[in-house]
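The values are calculated or read from the model by the stated rules, or taken from the named source; none is laboratory data. Computed from a predicted model, the values in this text were never measured in an experiment. Because the Cβ atoms are built from the backbone with ideal geometry, glycine has one as well, and the counts that use them run over all protein chains shown. Accessible surface is based on the protein model in full, side chains and every heavy atom, while ligands, DNA and RNA are left aside. Shrake-Rupley method; radii C 1.70, N 1.55, O 1.52, S 1.80 Å.
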Amino acid sequence: MTHTLSIVTGIALLAAGTFAMRFAGYRLGTRLPLSTRTQLLLTDAATLLLFSVAATAALFENQHFAGFARLGGVLFAALLAWRKAPLILVILSACAVTALLRAAGVQ
């Protein structure tokens, strides 16, 4: 029971913190003068953070390399996303490529 309570408490704290940061950004966004260069750097930093999380999830499972089949699926998804394919097509194609590679014996 204590483990479940700690998970729920952690989720609630993360949700409250996320809300507080978003609300502060909304309220302070027009009051803090930021140069165009700073705004571009913040936008690039957010993109880089999301890319880092995606790359880590794509390449690793726990503390080990996830395998070449998953990497192949992710690379194929990246190619389709770069070509501006619909999201559902990107996701289903990545799943299919990964499954086919695993069926072919690629780990």
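Here is how the numbers come out for the structure above:
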| read-out | value |
| --- | --- |
| Test: residue in segment 35-57 that is closer than 21 Å to Met21 by Cα, over 14 Å from the mean Cα position of the chain (by Cα) and not in a helix (DSSP H, G or I) | yes |
| Selection count, segment 60-94, where residues are more than 15 Å from Val106 (Cβ to Cβ) and either assigned to a helix (DSSP H, G or I) or open to solvent by less than 60 Å² (accessible area, probe 1.4 Å) (or both) | 14 |
| Residues that are part of a helix (DSSP H, G or I) and of a type in the set (Ser, Thr, Tyr), drawn from segment 1-34 | Thr2, Thr4, Ser6, Thr9, Thr18, Tyr26 |
| Enumeration of residues in segment 67-79 that are among the hydrophobic types (A, V, I, L, M, F, W, C) and more than 17 Å from the chain's Cα centre (by Cα) | Phe68, Ala69 |
| Any hit, segment 15-22, residues being open to solvent by 100 Å² or more (accessible area, probe 1.4 Å), under 18 Å from the mean Cα position of the chain (by Cα) and modelled with pLDDT of 85 or more | no |
| Test result for Arg27, at pLDDT below 90, more than 22 Å from Trp82 (Cβ to Cβ) and among the basic types (Lys, Arg) | yes |
| Cross-chain or 6+ apart pairs with Cβ under 7 Å, segment 10-33 first and on the phi < 0 side of the Ramachandran plot, then at pLDDT below 85 and loosely packed, with under 10 Cβ neighbours inside 10 Å | none |
